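Enquirer: Here it is, the structure, as structure tokens.
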Amino acid sequence: MSDKYAVIGNPIAHSKSPLIHEAFAKQTGQKISYERILAPLDGFEVTLESLVTQGYKGVNVTVPFKLEAYELCQTHTGRAFVAGASNTLIFNGGHIAGDNTDGAGLVNDIEKNLEVCLQGKQILLLGAGGAAQGVLQPLLEAQPKVITVANRNVDKAHLMLKRLAIKQATCGISVLSFEALTQQYDVIINATSAGLTETALPIANGIFSNNSLAYDMMYGRETPFMQQARENGAQVADGLGMLVEQAAEAFYIWRGVRPETQPVIAMLRAL
Ligand code: ATR
């Protein structure tokens, strides 16, 4: 009998998670099944309870349920707490524990796959929504010199840092508006959803240089942010590697085995 896992979202048909976890399972010889589950927008809790009852071992949670998932967990890891959102749940009997592997996925993709070390670097994080919140704590743990957060709604960015203040911040961390950004950054991460509507962010070309990495957490398209960064000489990456790395972190939490991610990233790029 295989242990059962799933990803829950709405919509969910597009999710690559089953493909990724099936590849991990094959590679590591783990016996698991992994399926897509569409939960009604007002029916996440019922769906979750039903999976617990059916003996599933855990689930990934995607848009729009990550916040609700967090609220329904009985315990949380520190990184889930800072994110206020959970994308990886572990079922143990009736107990549901919540983790968040998005930030670890981002940091692993940047440091391991793109070979850019974050320690001592100046990082600019664009956005203060769920996606930005999910990656902030792991970014801090990578010990950069500075993290600047910029968001259209500056108050929201301040609120995000307030939540983080419970943890010890070891680097300089500040908030600016997009328009106030003038200096160059080593790593610029776009965690806004502006790319979904092909909207360019009002950021100066001067924040990019030949030595910067511009990382868009979205994948599957060249966003205006990526175009701007490319035109200004930066190395550019999309979020496909992060998608696979966050899945690998979830797989490790569930199975205690760390899969190799490079072949799976290559497989998805080839599709
Ligand atoms: P997600 O979970 O994808 O982060 P979210 O919580 O709705 O979604 O957050 C979306 C983020 O993208 C926010 O930082 C939002 O900025 P505001 O907080 O000011 O709303 C940002 N965003 C979305 N569309 C944008 C746009 N056209 N220009 C700039 N920022 C945008």
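Enquirer: As a test of reading the structure, rank 2, 86 by solvent-accessible area (1.4 Å probe, protein chains only), most first.
Expert: 2, 86
Enquirer: Still on this structure: So if each residue of separation counts as 0.36 nm, and I subtract the Cα-Cα distance between residue 258 and residue 33, what length gain in nm does that give?
Expert: Contour length minus Cα-Cα distance gives 79.3 nm.
Enquirer: Hey, another quick one. Give the span of the chain's Cα atoms along each principal axis, as three whole-Å numbers ordered largest to smallest.
Expert: 56, 39, 33
Enquirer: Be a star and scan the stretch 118-149 for residues whose amide nitrogen sits under 19 Å from the point 7 Å along the Cα-to-Cβ vector of residue 180.
Expert: Of the residues in the stretch 118-149, 122-129, 146-149 have backbone N under 19 Å from the label point off residue 180.
Enquirer: So for the chain, taking the charge dipole from beta-carbon charges (+1 Lys/Arg, -1 Asp/Glu), which of 193, 158, 103 sits furthest toward the positive end?
Expert: Final value for the positive-end residue is 103.
Enquirer: Cross-link candidates for residue 31: which lysines have Cα within less than 26 Å, leaving aside residues fewer than 8 places away along the same chain?
Expert: 4, 16, 57
Enquirer: Sorted by mean Cβ packing within 10 Å, highest first, what order do the peptides 186-197, 205-216, 94-105, 112-123 take?
Expert: Highest to lowest by the protection proxy: 94-105, 186-197, 205-216, 112-123.
Enquirer: What does the charge count around residue 34 come to, taking other residues whose C-beta lies under 13 Å from its C-beta (Lys +1, Arg +1, Asp -1, Glu -1)?
Expert: Details: positive: 4, 16, 26, 31, 36, 57, 255; negative: 3, 22, 35.
Around residue 34, the surrounding residues sum to +4.
Enquirer: Between the alpha-carbon centers of the stretch 232-271 and the stretch 73-93, tell me the distance in whole angstrom.
Expert: Cα centroid of the stretch 232-271 versus Cα centroid of the stretch 73-93: 21 Å apart.
Enquirer: If you don't mind, there's one more thing I want to ask. Pulled fully out, how much extra length does the chain show between residue 197 and residue 14, if you take 0.36 nm times their separation in residues and subtract their Cα-Cα distance?
Expert: Using 0.36 nm per residue and subtracting the Cα-Cα distance, I get 64.1 nm.
Enquirer: Now a separate question. Please compute the contact order of the stretch 120-271 in relative form: average sequence separation of alpha-carbon pairs under 8 Å and at least six residues apart, divided by the residue count, as a percent.
Expert: It rounds to 18 percent for the stretch 120-271.
Enquirer: A follow-up question, please. Considering the options 149, 58, 33, tell which one lies farthest towards the positive end of the dipole of the stretch 1-156, charges being +1 on Lys and Arg and -1 on Asp and Glu at the Cβ, about the Cα centre.
Expert: 149
Enquirer: Relative contact order, percent, of the stretch 94-160 when contacts are C-alpha pairs under 8 Å separated by at least 6 residues? The partial results should precede the final answer.
Expert: Numbers: 72 pairs, mean separation 23.7, N = 67.
Taking the mean separation of contacting Cα pairs over the length of the stretch 94-160, I get 35 percent.
Enquirer: The stretch 98-170 to the stretch 172-217: how many Å between their Cα centroids?
Expert: Taking the Cα centre of each part, the stretch 98-170 and the stretch 172-217 sit 13 Å apart.
Enquirer: Determine which lysines satisfy two conditions relative to residue 156: a Cα distance under 27 Å, and not lying fewer than 8 residues away in the same chain.
Expert: The reachable lysines, counting only those whose Cα sits under 27 Å from residue 156, are 66, 121, 145, 167.
Enquirer: How big is the antiparallel share of DSSP beta bridges in the chain, given as a percent to the nearest 5?
Expert: 20 percent
Enquirer: Sticking with this one: How would you rank 36-44, 126-134, 258-266, 144-152, highest first, on the average number of other Cβ atoms within 10 Å across their residues?
Expert: With the highest mean Cβ count within 10 Å placed first, the list reads 126-134, 144-152, 258-266, 36-44.
Enquirer: Let me ask you something else. Can you give the FRET efficiency for residue 111 and residue 42, using 1/(1 + (r/R0)^6), R0 = 35 Å, r = Cβ-Cβ distance, to the nearest 0.05?
Expert: Values: r = 40 Å, r/R0 = 1.13.
Once the sixth-power term is evaluated, E becomes 0.35.
Enquirer: Using a simple spin-label model with points 7 Å from Cα along the Cα→Cβ vector, what separation in nm is obtained for residue 75 and residue 210?
Expert: 5.2 nm
Enquirer: Can you give the net charge of the other residues whose Cβ lies under 14 Å from the Cβ of residue 213, counting K and R as +1 and D and E as -1?
Expert: Its environment carries a net charge of -3.
Enquirer: Using r as the Cβ-Cβ distance of residue 266 and residue 222, and R0 as 22 Å, what FRET efficiency do you calculate, to the nearest 0.05?
Expert: 0.70
Enquirer: For the charge dipole of the chain, defined by +1 on Lys and Arg C-beta atoms and -1 on Asp and Glu C-beta atoms about the Cα centroid, which residue among 46, 89, 12 has the Cα displaced farthest towards the positive pole?
Expert: 89
Enquirer: If you place +1 on the Cβ of every Lys and Arg and -1 on the Cβ of every Asp and Glu, how big does the dipole about the Cα centre of the chain come out, in debye to the nearest 20?
Expert: Here the chain has a charge dipole of around 340 debye.
The values are calculated or read from the model by the stated rules, or taken from the named source; none is laboratory data. Nothing here was measured: the structure is a model prediction, and the numbers come from that model. Every residue, glycine as well, gets a Cβ built from its backbone with ideal geometry; the counts of neighbours run over all protein chains shown. Heads up: the accessible areas ignore ligands, DNA and RNA and are worked out on the full protein's heavy atoms, side chains in. Shrake-Rupley method; radii C 1.70, N 1.55, O 1.52, S 1.80 Å.
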